[in-house]
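Have a look at the structure below, then the notes.
The values are calculated or read from the model by the stated rules, or taken from the named source; none is laboratory data. Keep in mind it's a predicted model, so treat the numbers as computed, not measured. For neighbour counting, all protein chains shown are included, and Cβ atoms are generated from backbone atoms with ideal geometry for every residue, glycine included.
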Amino acid sequence: MDGENLFMENSSTSKVLGVKKIKLNMTSGKLITLNNVQHVTNIRKNLMSNSLLNKKNFKIMFESDTFILFNNDMFIEKNESL
């Protein structure tokens with residue numbers, strides 16, 4: 001993945017500068033680890049793939065303006081400020 005190009009919806013490409021494991025401290029106090037996170041400088045926002053999270057047993061729910069995250073049916077995070 002390192003050095004590969006990431007193809008975007010607008011037909012442009014960006015170089016993947018690195019791939020790492022990151023740890024996220026959630027506001028709920030839980031810590032989750034994401035593997036194979038790509039660092040792409042041309043993307044200004046942090047993006048997460050719902051389908052890739054689903055493959056790792058994460059469940060993502062959106063209710064009104066609330067985001068709720070579970071992993072293996074265990075509550076991970078709730079954010080009401082979407």
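Do we find a residue being among the polar types (S, T, N, Q), touching a Lys or Arg at 6+ places or on another chain (Cβ under 7 Å) and either outside any strand (DSSP E or B) or surrounded by 10 or more Cβ atoms within 10 Å (Cβ to Cβ) (or both) anywhere in region 37-59? No, because not a single residue in region 37-59 is among the polar types (S, T, N, Q), touching a Lys or Arg at 6+ places or on another chain (Cβ under 7 Å) and either outside any strand (DSSP E or B) or surrounded by 10 or more Cβ atoms within 10 Å (Cβ to Cβ) (or both).
For region 31-60, name all the residues that are of a type in the set (S, T, N, Q) and farther than 19 Å from Lys78 by Cβ.
So the first thing to find is which residues in region 31-60 are of a type in the set (S, T, N, Q), and the list is 33, 35-36, 38, 41-42, 46, 49-51, 54, 57.
Passing the criteria: Thr33, Asn35, Asn36, Gln38, Thr41, Asn42, Ser49, Ser51.
Do you know which of the residues in region 1-27 that are assigned to a loop (DSSP other than H, G, I, E, B) and hydrophobic (A, V, I, L, M, F, W, C) is modelled with the highest pLDDT? It comes out as Met26. Across region 2-30, which residue is farthest from Asp73 (Cα to Cα) among those that are exposed (fewer than 10 other Cβ atoms within 10 Å of the Cβ) and under 17 Å from the mean Cα position of the chain (by Cα)? In this case the residue turns out to be Lys21. Residues in region 60-82 that are in a loop (DSSP other than H, G, I, E, B) and at pLDDT 85 or above: Ser64, Asp65, Asn72, Asp73.
Scanning region 49-80 for residues being in contact with a strand residue (DSSP E or B) (Cβ under 8 Å, 6 or more places away or on another chain), under 20 Å from Glu9 (Cβ atoms) and among the aliphatic types (A, V, I, L, M) gives a total of 1.
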